[in-house]
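Engineer: Quick one: the structure is below, and I'll ask about it shortly.
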Amino acid sequence: MSDPRPASLQAAAPWWRPSGGQALVIRGGRPLTGSYPISGAKNAVLPLMVSALLTPHLVTLHNVPASLDVAVLAALLQRLGVDMHWSNTAAGLSVTICADRVHPGNIDGDLVARMRASVLLLGALLARCGEARLPLPGGDAIGLRGIDFHLAGLRAMGADIDLASGLIHATARSGLRGADILLPQPSVGATESLLLAAVMARGTTVIRNAAREPEIVDLAQCLASMGGKISGAGSHAIVVEGGTTLAGAVHTVMPDRIELGTLACAAAVTNGEVLLRHGRTDLLGAALPVLQAAGVVLREVESGLIACRAKAGLAGVDIVTQPYPGFATDLQAPVMALLSVAKGVSAITETIFEQRFRHVGELSKMGADIAVHGRTARVRGVAGLRGAAVTCTDVRAAAALVIAGLGATGETILGDLDHLDRGYDRMAAKLAACGADIVRPDDRQP
Ligand code: EPU
């Protein structure tokens, strides 16, 4: 699913390079050493970029990950009339977004189809323009992934929403109004959609059974520095006093806790020792005791976290994915790659998405011993994996296969790399700098 229109991405995100290379070749067995910079969080930066639609003033974001999803969202925002100025310094990628003019109807269906987070545009456009037209969003095929909670919440705030032939047409001609909304389950995206809509709506909005993920707190902090009146972000009930005219803001995107956990696994699987720059143990939350029990040693130092394998080796653990503060579904696949070479049996239960075990078949091609029964995967650790030709089936599956390939004997060839590029900022190049033998043969750079 290579990008059909690289020109539009490059126009909106000049740092983005069409990968050309649709395969990644890893010769495994080298311990990772040195320092790996953890980028800004993929799942924080996307709603943060959308928040800039709420104000005609400048919003500057620092620590932006240079990922394909960011480039796709930049192209979508550009189609809406938004200007973006990018700067790339030693401190990382920054963007200043100017949404003084917004044309709500001008959305590119091909781009929306590439990314689930495009649904966040709906609430923001309704709040800013009173109207939004959006094709139904795409994204990873990891489950049903409805948008009914987003739509019900926006309807409760006074939006009229029509769904016809794959298109969402939403209007709120006289503006959105605050509402008391109970989410059927703590959805990250729906909480973000409603938060974006509520800061400009008239009156008070309460989002109950809200998701509590740190990326939501990051969004609320940015909206608060724009003048939004929000309390309770990070708890089950978020209260927004709406109706504020929002100013500009300067905000630094939080570090990517999923990239952090993933690299900790990679360091342990390869029996290396890596400084994960900008990493902190508190970012890992429920994953910290799981990783430690599995034999990943994490030591906090001033510039980040040092990750390596415990002397006693890797050991099986049981995991159940849960909404935050539980164990993150986005770390399920990377940790499965780790546990597939740990001593003993691990049970991994996925409760968030119905189809998030597609990496099992790919790990099995590399010699992993994993059996899936309903929502639980039973992983019997093997002494080692062997390289194979495998396919990335979603963003986090791609990361799991990279970990597996780095630890395996022989050559692993990963196909369908857009999934890796969507979620990670130059992961192959950063791993190569830590001593990994990892190349994109038909690309200009790793
Ligand atoms: N759900 C509905 N209806 C809705 C919204 C959600 O049924 O209107 C269901 C989903 O189908 C799912 C559950 O509720 O079963 C939770 O979904 P949620 O809305 O929390 O997920 P999301 O907002 O679509 C975000 C991340 C995901 C991450 C999940 C859970 C972004 C852009 N995506 O998705 O990240 O797995 O929260 O933490 O923030 C990834 O990064 O690889 C990724 C998939």
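Engineer: Which of the three applies to segment 391-446, rounded, prolate or oblate, going by the alpha-carbon gyration tensor with a ≥ b ≥ c and a/c under 1.5 meaning rounded?
Structural biologist: Cα axes put segment 391-446 in the rounded bin.
Engineer: Run lengths n ≥ 4 of DSSP H only: what is the helix-derived mean residue ellipticity at 222 nm for the chain, with -39500 (n - 2.57) per run over all residues, to the nearest 500?
Structural biologist: So the calculated ellipticity at 222 nm is -8500 deg cm²/dmol.
Engineer: Contact order normalised by length for segment 150-261, with contacts defined as Cα pairs under 8 Å and 6 or more residues apart; what percent is it?
Structural biologist: Relative contact order, segment 150-261: 22 percent.
Engineer: Let me check I've understood the local charge: for Ala170, count other residues with C-beta under 13 angstrom from its C-beta, Lys and Arg +1, Asp and Glu -1. What total comes out?
Structural biologist: Every neighbour counted, the sum reads +1.
Engineer: Also, quick follow-up: Once you have a ≥ b ≥ c as the square roots of the Cα gyration tensor eigenvalues for segment 298-446, tell me rounded if a/c is under 1.5, and otherwise prolate or oblate according to whether a/b is larger than b/c.
Structural biologist: Here segment 298-446 falls in the rounded category.
Engineer: Give the percent of DSSP beta bridges with both residues in the chain that are antiparallel, rounded to the nearest 5.
Structural biologist: Around 75 percent antiparallel, to the nearest 5.
Engineer: Once a ≥ b ≥ c are taken as the square roots of the eigenvalues of the Cα gyration tensor of the chain, is the result rounded (a/c under 1.5), prolate (a/b larger than b/c) or oblate (a/b not larger than b/c)?
Structural biologist: Prolate is the answer for the chain, as a/c is 1.5 or above and a/b outweighs b/c.
Engineer: While we're looking at this one, here's another question. Can you tell me the dipole magnitude for segment 58-194 around its Cα centre, using point charges on the Cβ only (Lys, Arg +1; Asp, Glu -1), in Debye to the nearest 20?
Structural biologist: Taking the Cα centre of segment 58-194 as origin, the dipole is about 120 debye.
Engineer: Calculate how steeply helix 188-198 sits against the longest principal axis of the alpha-carbon atoms of the chain, using the helix alpha-carbon long axis, and give the answer as 0 to 90 degrees to the nearest 10.
Structural biologist: Helix 188-198 and the main axis of the chain meet at about 20 degrees.
Engineer: Report, to the nearest whole %, how much of the accessible area of the chain belongs to carbon and sulfur atoms, 1.4 Å probe, protein only.
Structural biologist: Here it works out to 52 percent.
Engineer: Do you know the Lys pair count in the chain for C-alpha distances under 29 Å, with sequence separation 8 or more or different chains?
Structural biologist: 9
Engineer: I'd like the FRET efficiency for Glu300 and Thr33, computed as 1/(1 + (r/R0)^6) with the beta carbon distance as r and R0 of 25 Å, rounded to 0.05.
Structural biologist: Working from the Cβ atoms, E equals 0.85.
Engineer: Another question, if that's okay. Please check: in the Gaussian network model of the chain (C-alpha springs, under 10 Å), which one of Pro186, Pro14, Pro47 has the largest mean-square fluctuation.
Structural biologist: Pro14
Engineer: Listed highest first by mean packing, meaning other Cβ atoms within 10 Å per residue, what order do 200-211, 308-319 come in?
Structural biologist: 200-211, 308-319
Engineer: Pairs of alpha-carbon atoms within less than 8 angstrom and 6+ residues apart define the contacts here; what relative contact order does the chain have, in percent?
Structural biologist: 20
Engineer: Binning at 5 Å from 0, report for segment 1-125 what percent of all alpha-carbon pair distances ends up in each bin.
Structural biologist: Bins of 5 Å from zero give 2, 10, 20, 22, 19, 12, 7, 4, 2, 1, 0 percent of pairs.
Engineer: Send over a whole-number figure in Å² for the accessible area per residue of segment 349-446, probe 1.4 Å.
Structural biologist: Accessible area per residue: 38 Å².
Engineer: Taking the Cα centre as origin and putting +1 on Lys and Arg beta-carbons and -1 on Asp and Glu beta-carbons, what dipole magnitude results for the chain, to the nearest 20 debye?
Structural biologist: 420
Engineer: In addition: In bins 5 Å wide, starting from 0, what share of all Cα pairs of segment 78-120 does each bin hold, as a percent?
Structural biologist: 5, 18, 18, 21, 21, 11, 5, 0
Engineer: Highest mean first, what order results for 357-368, 166-177 on Cβ atoms within 10 Å?
Structural biologist: 357-368, 166-177
The values are calculated or read from the model by the stated rules, or taken from the named source; none is laboratory data. Note that the structure is a prediction, hence the values are computed from the model and not measured. Neighbour counts run over all protein chains shown; Cβ positions are idealised from the backbone, glycine included. These accessible areas exclude ligands, DNA and RNA; they are computed on the full protein's heavy atoms, side chains included. Shrake-Rupley method; radii C 1.70, N 1.55, O 1.52, S 1.80 Å.
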